[in-house]
Amino acid sequence: MLKKILRRFFYLFLLLLLGAGSGFLTYKLILRNKTVSVPELTGQPPEAARGLLRDLGLRLRIAGRQFDPVVPPGDIDSQDPAEGQPIKIDSAVTVTISEGPATERMPSVLGLQIGDAVALLSKDSLVASETIRVHSDRVPAGAVIAQDPEPGEKTGPVHLIASDGPLQVSYYCPDFKGMSAAQAQDLCQALGIDPVFAGSGPPAGTVKAQSPAPGSRIGPGQKVFMELQ
């Protein structure tokens with residue numbers, strides 16, 4: 001009788017054990033297929049990122065290091081998958097660690113054309129994050145007028161100011177017809193345009209025709225041809 005009772009308890013225990021094992025396997029399968037959103041890791045120290053991932057059931061994998069002019073040395077500067085992407089539990093997020101800028105001091109790009117300045121900066125793993133253009137009568141169009149950080153200063157986010165060339169002023173050509181040559185000449189001088197009178201010798205008489213026509217757009221230094229009568 002005792003043997004029968006013990007045998008029944010043994011079978012019951014075995015069934016409970018099999019049920020628990022099956023339930024545990026089912027739980028592991030469900031957990032394995034569960035996904036979470038990848039958090040933002042860039043700019044964080046690896047240990048802080050590792051703890052954040054651990055709380056979500058994820059792992060951190062460091063793929064290597066690379067120069068970065070913005071992210072401080074030792075912090076994460078890129079990640080894969082990106083922030084917000086779904087990822088399965090127990091998966092790894094791959095990151096790279098910033099080595100800081102390739103050079104600690106800002107090179108001079110003053111006077112260089114924008115394309116040449118960007119190429120020079122890229123050699124030191126620096127990136128022009130912003131370029132502002134302003135008109136300049138002294139610096140050729142496309143050349144760098146100013147930079148921040150200045151040459152020799154510690155590197156950081158780079159901002160450039162480049163020339164957009166002289167400001168192109170334009171206005172409507174006056175109607176010179178009916179004016180005396182002297183009046184037309186005085187008005188042209190005031191506007192900064194160059195009168196060219198038909199015929200030879202000192203201009204005299206009255207303007208009867210002109211080119212460009214009245215109302216045309218003209219600018220400083222442009223020639224206006226006038227026929228006198």
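Observations, loosely collected:
- Scope segment 38-54; condition touching a Gly at 6+ places or on another chain (Cβ under 9 Å) and crowded, with 18+ Cβ neighbours inside 10 Å; matching residues: V38
- Hey, G165 surrounded by fewer than 14 Cβ atoms within 10 Å (Cβ to Cβ) and out of contact with any strand residue (DSSP E or B) (no Cβ under 7 Å at 6 or more places or on another chain) or not: no
- Segment 55-68 - residue that is in a loop (DSSP other than H, G, I, E, B) and not small (G, A, S) and, of those, surrounded by the fewest Cβ atoms within 10 Å (Cβ to Cβ): L56
- Residue in segment 139-154 that is assigned to a helix (DSSP H, G or I) and among the acidic types (D, E) present: no
- Any hit, segment 118-133, residues being under 26 Å from S37 (Cα atoms) and assigned to a helix (DSSP H, G or I): no
- Flag if A181 is among the aliphatic types (A, V, I, L, M), buried (at least 16 other Cβ atoms within 10 Å of the Cβ) and either closer than 30 Å to Q66 by Cβ or touching a residue at least 40 places away in the same chain (Cβ under 8 Å) (or both): yes
- Between D186, D194, the distinction of being of a type in the set (D, E, K, R) and touching a Gly at 6+ places or on another chain (Cβ under 8 Å) belongs to D194 only.
Residue by residue, here is whether (1) assigned by TED's automatic domain parsing to the domain that holds V70; (2) among the charged types (D, E, K, R); (3) loosely packed, with under 13 Cβ neighbours inside 10 Å holds:
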residue	(1), (2), (3)
M106	no, no, no
L121	no, no, no
D124	no, yes, no
E130	no, yes, yes
V139	no, no, no
G142	no, no, no
D148	no, yes, no
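- Tally of residues being closer than 19 Å to G51 by Cα, surrounded by 16 or more Cβ atoms within 10 Å (Cβ to Cβ) and touching a residue at least 40 places away in the same chain (Cβ under 8 Å) across segment 69-104: 5
- Residue list for segment 147-174, restricted to those being touching a His at 6+ places or on another chain (Cβ under 9 Å) and either among the charged types (D, E, K, R) or closer than 25 Å to F67 by Cα (or both): Q147, D148, P149, D164
- All positions within segment 208-229 that are outside any strand (DSSP E or B) and within 10 Å of F176 (Cβ to Cβ): P214
The values are calculated or read from the model by the stated rules, or taken from the named source; none is laboratory data. Note that the coordinates shown come from a computational prediction; the quantities given were computed from them, not determined experimentally. Backbone-built Cβ (ideal geometry, glycine too); neighbour counts: all protein chains shown.
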